[in-house]
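The values are calculated or read from the model by the stated rules, or taken from the named source; none is laboratory data. These figures come from a predicted structure and were not determined experimentally. Heads up, the Cβs are rebuilt from the backbone with ideal geometry, glycines too, and the neighbour counts pull from every protein chain shown.
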Amino acid sequence: MVQGGKPRPMKGIRQLAEHLDISIGTVSRALNGKPDVNDETRKRVLAAAEQLGYVANQSGRSLRQGTTNVIGLMIQSSKETVENSDNFFLTVTGGLQSVFSRHKLDLIMLPCPHDEDPYEYLKRMVARRIVDALIISETQRVDKRFDLLAKAKIPFAALGRSLSGTQHPWADLDFDGVVNCAVDRLVAHGHRRIAISAPSSDINLGFVFVEGYRRALERHGIPYDPAMVIRAKSSEQGGYQVADELLRLDDRPTAVILIYELMAIGLYRRVMESGIIPGRDIAVVSFREAPRAKFLQPALTCFRTSLHDLGVELAEVLLSNMPAYSQEYPRQTRQTVWPLELIPGESDAFYLKTAK
């Protein structure tokens, strides 16, 4: 068992049992903390396992138990996702793992390539049975992944809602609440020509955001103008594009609401190239506080939330849907709209001269 003066890792429980001259069953029960093993034997087994570098065969154990003790988080892997992530998933996964670690569950990332259909990618992951449960993100308006996981009887939760997931667990940021709050604030400052950015993809949060915007305008008696909804990628370059398109409008808006926080960096650059000053000539409100946009001047009006706590919520929602843990996480609702708090800045602080 010794190689080069150091103990070589002992990978088989049979080897450990032979070394101790104890039955495999007794060694297994001692390692797993079963009560029918006396303390002296347990201590002897554990000491030998540590001394000899015993490594449990997790794949064999998982095969016998029919579980992997692994949770998968499926994300879209693309340049756009990386540019816009700004620690979003890193912070959310911190919250997820803080819950999963209580139960010795591991979390792995499943990055779907940008040029592959997410449904086909998930089918492959499901066929391989590499995880016990899944969290899917970037949900589509109609998302076939919900039905796929339900039919496969794999517990799952979604970071984002979908028309396909009316009966399934999810947690989502309050996009509707954010755009309503932003419109109310801008109207109170005298704005009537209010534009918004929206995703260029079919991701469902874009539909929720635009519909909330439409309803907010209606509440204030402002006609909805499709030309004021600018679709762009979720990046700094996307923000530059939004500003460029708004500047081309004959009746230019006096305010804009951005669905992605990093877009503000590109938007600031483009409007200032045209001599238009954010916070003086155009009001800007962004969806979420972001470290990379923190030092914009004027300071950006945006919204704040705890992504770590969102991760905790999502993890507990998922566990409530897993038979082995559902009793520990009883819930009356498994669908959560996660609130955000307005952080006033200087980017929309001015009042229009026409305001009464």
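Things worth noting here:
- Those residues of the range 211-235 which are farther than 15 Å from residue 254 by Cα and of a type in the set (Gly, Ala, Ser), in sequence order: 212, 216, 221, 232, 234, 235
- Any hit, the range 297-315, residues being touching a helix residue (DSSP H, G or I) at 6+ places or on another chain (Cβ under 7 Å), within 20 Å of residue 351 (Cα to Cα) and in a loop (DSSP other than H, G, I, E, B): yes
- Of the residues making up the range 147-169, just one is surrounded by fewer than 20 Cβ atoms within 10 Å (Cβ to Cβ) and either part of a strand (DSSP E or B) or of a type in the set (Asp, Glu) (or both), namely 147.
- A single entry from 345, 311, 279, 275 fulfils the requirement of being in the same structural domain as residue 133 (by TED's automatic domain parsing) and either closer than 26 Å to residue 184 by Cα or modelled with pLDDT of 95 or more (or both): 311.
- Here residue 251 passes the criteria (1) under 23 Å from residue 188 (Cα atoms); (2) outside any loop (DSSP other than H, G, I, E, B) except the one numbered (2).
- Test set (1) at positive phi; (2) assigned to a strand (DSSP E or B) - residue 172 fails condition number: (1)
- Qualifying residue in the range 205-218 (condition: in a loop (DSSP other than H, G, I, E, B) and surrounded by fewer than 21 Cβ atoms within 10 Å (Cβ to Cβ)): no
- All positions within the range 220-233 that are touching a residue at least 12 places away in the same chain (Cβ under 8 Å) and in a helix (DSSP H, G or I): 227, 228
- For the range 71-86, a tally of residues being surrounded by fewer than 17 Cβ atoms within 10 Å (Cβ to Cβ) and either under 18 Å from residue 315 (Cβ atoms) or at pLDDT 85 or above (or both) returns 0.
- The C-beta contact set for the range 125-146 (first residue on the phi > 0 side of the Ramachandran plot and surrounded by fewer than 22 Cβ atoms within 10 Å (Cβ to Cβ), second residue part of a loop (DSSP other than H, G, I, E, B) and not β-branched (Val, Ile, Thr), distance under 8 angstrom, 6+ apart or interchain) comprises 138/160.
- Considering 102, 124, 145, the condition of being under 22 Å from residue 329 (Cβ atoms), basic (Lys, Arg) and in the same structural domain as residue 324 (by TED's automatic domain parsing) is satisfied by 102 alone.
- Considered as a group, the residues in the range 18-41 that are in a loop (DSSP other than H, G, I, E, B) and touching a Lys or Arg at 6+ places or on another chain (Cβ under 7 Å) include one that is farthest from residue 52 (Cα to Cα), and that residue is 36.
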